[in-house]
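Participant: What follows is a structure written as structure tokens; I'll ask about it next.
The values are calculated or read from the model by the stated rules, or taken from the named source; none is laboratory data. Predicted model only: the values in this text are computed from it and were never measured. Note that each Cβ is placed from the backbone with ideal geometry, even for glycine, and that neighbours are counted across all protein chains shown.
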Amino acid sequence: MPIDPSLPYDDNNIFARILRGEIPSRKVYEDEYAFAFHDINPQAPVHLLVIPKGRYVSWDDFSAKASDSEIAGFVRAVGEVARQAGLSEPGYRLLANMGGHGHQEVPHLHVHIFGGRQFRAMIPPA
Ligand code: AMP
């Protein structure tokens, strides 16, 4: 079910629990601003998730409220994770689902990194 992005941040969402180390994840990267791990249900040969360490529900929340250093740190982390995964030369796709129409399911901002094969249609037919 998509989330309601107008709700306040839920400290018990699954990615908050991953950040606190309460549930396991296959971590690939961590710095002051971001944490990255393998998606549990990969949709491509490489499917990574990058999340900010701050308490942000969505892209909307983060882009409105995060500090400049949090935004810069997070964007740099997304690029670094993709580079470290060897995706810069072949290319990759980024995706951030937001709210109901975006079909966001976890209420902590996450950017998907997809790679490892050729992608075609950006959005499948409805
Ligand atoms: P979204 O629809 O953008 O909110 O995507 C949520 C993503 O989180 C999905 O691709 C799920 O497979 C992934 N996911 C959910 N729980 C976990 C988990 N415990 N570890 C890794 N990925 C997860």
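Participant: Could you list, in sequence order, all residues of region 56-71 that are part of a helix (DSSP H, G or I), touching a residue at least 24 places away in the same chain (Cβ under 8 Å) and not acidic (Asp, Glu)?
Facilitator: 59, 62, 69
Participant: Give all pairs with beta carbons closer than 8 Å in which a residue from region 1-21 that is free of Cβ contacts under 8 Å to residues at least 60 places away in the same chain meets a residue that is among the hydroxyl-bearing types (Ser, Thr, Tyr) and within 13 Å of the ligand (Cβ to nearest atom); count only pairs at least 6 apart in sequence or on separate chains.
Facilitator: Pairs found: 18/25.
Participant: Sticking with this one: Counting only residues that are more than 25 Å from residue 3 (Cα to Cα), free of Cβ contacts under 8 Å to residues at least 40 places away in the same chain and within 14 Å of the chain's Cα centre (by Cα), how many does region 77-103 have?
Facilitator: 2
Participant: Still on this structure: If the requirement is being among the aliphatic types (A, V, I, L, M), outside any loop (DSSP other than H, G, I, E, B) and over 18 Å from residue 104 (Cα atoms), which of these qualifies: 28, 50?
Facilitator: Only one candidate passes the filter, namely 28.
Participant: Something else about it: Hey, could you check region 53-74 for residues that are aliphatic (A, V, I, L, M) and surrounded by 12 or more Cβ atoms within 10 Å (Cβ to Cβ) and say which is nearest to residue 104 (Cα to Cα)?
Facilitator: 57
Participant: Quick one: in region 75-126, which of the residues that are over 20 Å from residue 42 (Cα atoms) and within 16 Å of the ligand (Cβ to nearest atom) is surrounded by the fewest Cβ atoms within 10 Å (Cβ to Cβ)?
Facilitator: 101
Residues are listed down the side, and each one gets a yes or a no for (1) near the ligand (Cβ under 10 Å from one of its atoms); (2) within 21 Å of residue 91 (Cα to Cα); (3) in contact with an Asp or Glu (Cβ under 7 Å, 6 or more places away or on another chain); (4) modelled with pLDDT under 95:
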site	(1), (2), (3), (4)
13	yes, no, no, no
56	no, no, no, no
65	no, no, no, no
73	no, no, yes, no
